[in-house]
Amino acid sequence: MKKLPHIRCLLTCLGLGLCGMLLSACGDGGSGVTLRIWAHQGQEAENRAMREIVAAFNEAHAEDGIRAEIEFFPDHQYSERIAAGAAAGDLPDVMDLDGPTLAGYVDAGLLAPLDAYFSEAELADFLPTVIAQGTIQERLYALGAFESALVLYYDREMLARAGITPPDEDRPWSWDDFLAACAALKDAGLDPISLHMDESADEWYTYAFSPVIWSAGGSLMDPETGRFEGVLNAPENIEALRQWQRLFVLDYADNAPVEPNPFGVGKTAMDWSGHWMARSHLEAKGEALGAAPLPVIGDHRAAASGSWAWAMLSTSDRPDAAAKFLRWVVSTENGIVPIVRANGAVPARHSAFEAFPEYEEIPYRLFKQQLTEHGRPRPQTPHYPALTRNFAEALRDIANGADPAETLARAAKQAQTVADR
């Protein structure tokens with residue numbers, strides 16, 4: 001979930017047209033094909049798993065004369081490397097990309113549709129959030145091997161100490177119930193909740209707190225017109241963030257924490273966090289660990305979703321071979337199971353859950369349930385970088401006491417200015 005400069009604007013600045021970036025109509029020939037694969041550099045276990053996935057693909061396709069070579073790039077350099085590659089006409093055949101950046105790449109003409117390479121039955125095996133994230137204007141451009149999930153972790157023993165009945169797995173707390181629980185925890189001498197406001201990346205704020213907006217019936221962008229002004233700063237959004245701001249006003253959450261994991265190591269009773277903390281939280285808490293859906297301000301349940309996904313480049317002159325690799329890396333046995341075992345993310349396909357018996361238990365069961373029934377991707381717009389940058393800045397300011405109405409109005413105007421330009 002990293003920021004991406006607007007690819008189309010960047011290429012325009014470089015004086016580069018995209019007229020030649022069309023999907024080759026040529027066949028692959030089936031012999032002597034070496035595919036170039038680009039990927040972001042994840043944790044070492046994830047990188048090692050990807051190398052093994054590529055090696056297995058090469059072994060399986062040796063008789064076909066098809067092999068893949070993968071190159072990793074650090075997160076902070078990845079989007080710039082793709083932009084530079086587009087400018088120089090030096091792009092791979094297949095690459096991974098972070099979900100919210102997809103619309104920018106599609107708008108720039110860099111990606112080829114995938115619809116022809118997957119049957120309806122195969123696509124039905126993917127989580128609905130994976131399909132929703134990868135679809136732009138009814139065309140499928142990306143598929144992920146894994147998903148993300150966001151929940152409210154809690155310590156059962158700490159809640160019991162404060163006399164609090166834990167939230168139901170299938171029914172989230174209302175915001176009033178949530179604030180009442182925070183008050184009881186504070187009265188019991190505990191720190192109510194961690195919101196990870198120490199995160200420096202803008203994307204944490206958009207990913208983590210868009211559900212606050214959505215639960216109140218709001219939106220970050222008009223999906224029909226793509227406008228931010230009048231939508232990001234709509235009355236329901238302002239009221240939702242006034243309620244969210246109370247967590248800081250009442251000293252239930254720290255707006256400048258020092259400890260990155262206060263729930264796991266300190267006296268913090270609840271953690272607004274994602275699937276990536278499940279393993280460490282279970283190790284620290286054991287049977288005391290509970291998980292519930294995020295509290296809601298209104299009547300609309302919506303769960304955060306979205307992660308890295310695989311796409312084919314429209315500039316590839318061997319699309320059929322590239323599609324074979326993409327199908328391999330998002331297949332249950334060859335791609336999803338090994339990568340999920342390495343990174344602990346949520347499997348992208350229903351058929352993959354059989355390999356992970358922990359998904360019968362909390363918190364993993366909740367991850368699957370949330371994504372299947374309530375998952376919602378972040379806004380699909382080529383101007384997403386401007387949206388997430390300005391929305392994150394607004395959230396930081398509101399947490400520090402700024403007026404939500406004025407702050408959201410400024411954020412909406414700044415994002416709209418970029419879009420209009």
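The values are calculated or read from the model by the stated rules, or taken from the named source; none is laboratory data. Note that the coordinates shown come from a computational prediction; the quantities given were computed from them, not determined experimentally. Quick reminder, even Gly has a Cβ in these numbers, built from the backbone with ideal geometry, and neighbours come from all protein chains shown.
Scanning for something among the β-branched types (Val, Ile, Thr), outside the structural domain of residue 275 (by TED's automatic domain parsing) and in contact with a Leu (Cβ under 6 Å, 6 or more places away or on another chain), does segment 329-346 turn up at least one residue?
Yes; the residues of segment 329-346 include at least one that is among the β-branched types (Val, Ile, Thr), outside the structural domain of residue 275 (by TED's automatic domain parsing) and in contact with a Leu (Cβ under 6 Å, 6 or more places away or on another chain).
For segment 71-89, indicate whether the set of residues that are of a type outside the set (Gly, Ala, Ser), touching a helix residue (DSSP H, G or I) at 6+ places or on another chain (Cβ under 7 Å) and part of a strand (DSSP E or B) is non-empty.
yes
Scan the strands (runs of 3 or more DSSP E) fully inside segment 223-325 and keep the ones with 1 or more residues being over 27 Å from residue 132 (Cα atoms).
268-274, 289-292
Can you find even one residue in segment 203-213 that is farther than 23 Å from residue 418 by Cβ and in a helix (DSSP H, G or I)?
yes
Give me a count of the residues in segment 123-134 that are more than 14 Å from the chain's Cα centre (by Cα) and under 14 Å from residue 308 (Cα atoms).
0
Checking the structure you have, find out if any residue of segment 107-128 is surrounded by 15 or more Cβ atoms within 10 Å (Cβ to Cβ), part of a helix (DSSP H, G or I) and touching a strand residue (DSSP E or B) at 6+ places or on another chain (Cβ under 6 Å).
No, segment 107-128 contains no residue that is surrounded by 15 or more Cβ atoms within 10 Å (Cβ to Cβ), part of a helix (DSSP H, G or I) and touching a strand residue (DSSP E or B) at 6+ places or on another chain (Cβ under 6 Å).
What is the number of the single condition among (1) within 30 Å of residue 222 (Cβ to Cβ); (2) out of contact with any helix residue (DSSP H, G or I) (no Cβ under 6 Å at 6 or more places or on another chain); (3) in the same structural domain as residue 105 (by TED's automatic domain parsing) that residue 310 does not meet?
Condition (2) is where residue 310 drops out.
List the pairs whose first member sits in segment 360-383 and is outside any loop (DSSP other than H, G, I, E, B), whose second member is of a type in the set (Val, Ile, Thr), and whose Cβ atoms are under 6 Å apart, counting only residues at least 6 apart or on separate chains?
Within 6 Å, the pairs are 366/151; 367/346; 371/129; 375/129.
Here is a yes/no grid of residues against (1) buried (at least 21 other Cβ atoms within 10 Å of the Cβ); (2) outside any loop (DSSP other than H, G, I, E, B); (3) without any contact (Cβ under 8 Å) to a residue 60 or more places away in the chain; (4) out of contact with any His (no Cβ under 7 Å at 6 or more places or on another chain):
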residue: 354; (1), (2), (3), (4): no, yes, yes, yes
residue: 358; (1), (2), (3), (4): no, yes, yes, yes
residue: 387; (1), (2), (3), (4): yes, yes, no, yes
residue: 396; (1), (2), (3), (4): no, yes, no, yes
residue: 402; (1), (2), (3), (4): no, no, yes, yes
residue: 405; (1), (2), (3), (4): no, yes, no, yes
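Among the residues of segment 333-352, write down those that are closer than 12 Å to residue 125 by Cβ and in contact (Cβ under 8 Å) with a residue 24 or more places away in the chain.
336, 347, 348, 349, 350, 351 - these are the residues of segment 333-352 that are closer than 12 Å to residue 125 by Cβ and in contact (Cβ under 8 Å) with a residue 24 or more places away in the chain.
Under 8 Å between Cβ atoms, at least 6 apart or on separate chains: pull out the pairs that start in segment 109-121 with a residue that is without any contact (Cβ under 8 Å) to a residue 60 or more places away in the chain and end on any residue that is charged (D, E, K, R).
Once the first residue is without any contact (Cβ under 8 Å) to a residue 60 or more places away in the chain and sits in segment 109-121, its partners that are charged (D, E, K, R) give 113/139; 115/139.
Pick out the one residue from 340, 330, 346 that is within 13 Å of residue 117 (Cα to Cα), surrounded by 21 or more Cβ atoms within 10 Å (Cβ to Cβ) and either touching a Cys at 6+ places or on another chain (Cβ under 7 Å) or of a type in the set (Val, Ile, Thr) (or both).
Result: 330 is the single residue among 340, 330, 346 that is within 13 Å of residue 117 (Cα to Cα), surrounded by 21 or more Cβ atoms within 10 Å (Cβ to Cβ) and either touching a Cys at 6+ places or on another chain (Cβ under 7 Å) or of a type in the set (Val, Ile, Thr) (or both).
Identify, from the list 285, 267, the residue that is modelled with pLDDT under 95, of a type in the set (Lys, Arg), under 24 Å from residue 177 (Cβ atoms) and more than 23 Å from the chain's Cα centre (by Cα).
The unique qualifying residue is 267.
Taking only pairs six or more apart or across chains, which ones have beta-carbon atoms under 6 Å, a first residue in segment 284-300 that is within 15 Å of residue 264 (Cβ to Cβ), and a second residue that is of a type in the set (A, V, I, L, M) and part of a helix (DSSP H, G or I)?
Once the first residue is within 15 Å of residue 264 (Cβ to Cβ) and sits in segment 284-300, its partners that are of a type in the set (A, V, I, L, M) and part of a helix (DSSP H, G or I) give 289/282; 291/366.
Taking only segment 171-189 into account, find how many residues are in contact (Cβ under 8 Å) with a residue 40 or more places away in the chain and either acidic (Asp, Glu) or touching an Asp or Glu at 6+ places or on another chain (Cβ under 9 Å) (or both).
Summing the residues that are in contact (Cβ under 8 Å) with a residue 40 or more places away in the chain and either acidic (Asp, Glu) or touching an Asp or Glu at 6+ places or on another chain (Cβ under 9 Å) (or both) in segment 171-189 gives 3.
Answer yes if at least one residue in segment 143-159 is outside the structural domain of residue 281 (by TED's automatic domain parsing), in contact with a strand residue (DSSP E or B) (Cβ under 8 Å, 6 or more places away or on another chain), free of Cβ contacts under 8 Å to residues at least 60 places away in the same chain and among the aliphatic types (A, V, I, L, M), and no otherwise.
No.
Could you count how many residues in segment 181-202 are at pLDDT 95 or above and either buried (at least 23 other Cβ atoms within 10 Å of the Cβ) or among the aliphatic types (A, V, I, L, M) (or both)?
Qualifying residue count for the region: 12.
From the list 292, 278, 269, 288, pick out the single residue that is in contact with a Lys or Arg (Cβ under 7 Å, 6 or more places away or on another chain) and more than 30 Å from residue 86 (Cα to Cα).
288 is the lone residue from the list that is in contact with a Lys or Arg (Cβ under 7 Å, 6 or more places away or on another chain) and more than 30 Å from residue 86 (Cα to Cα).
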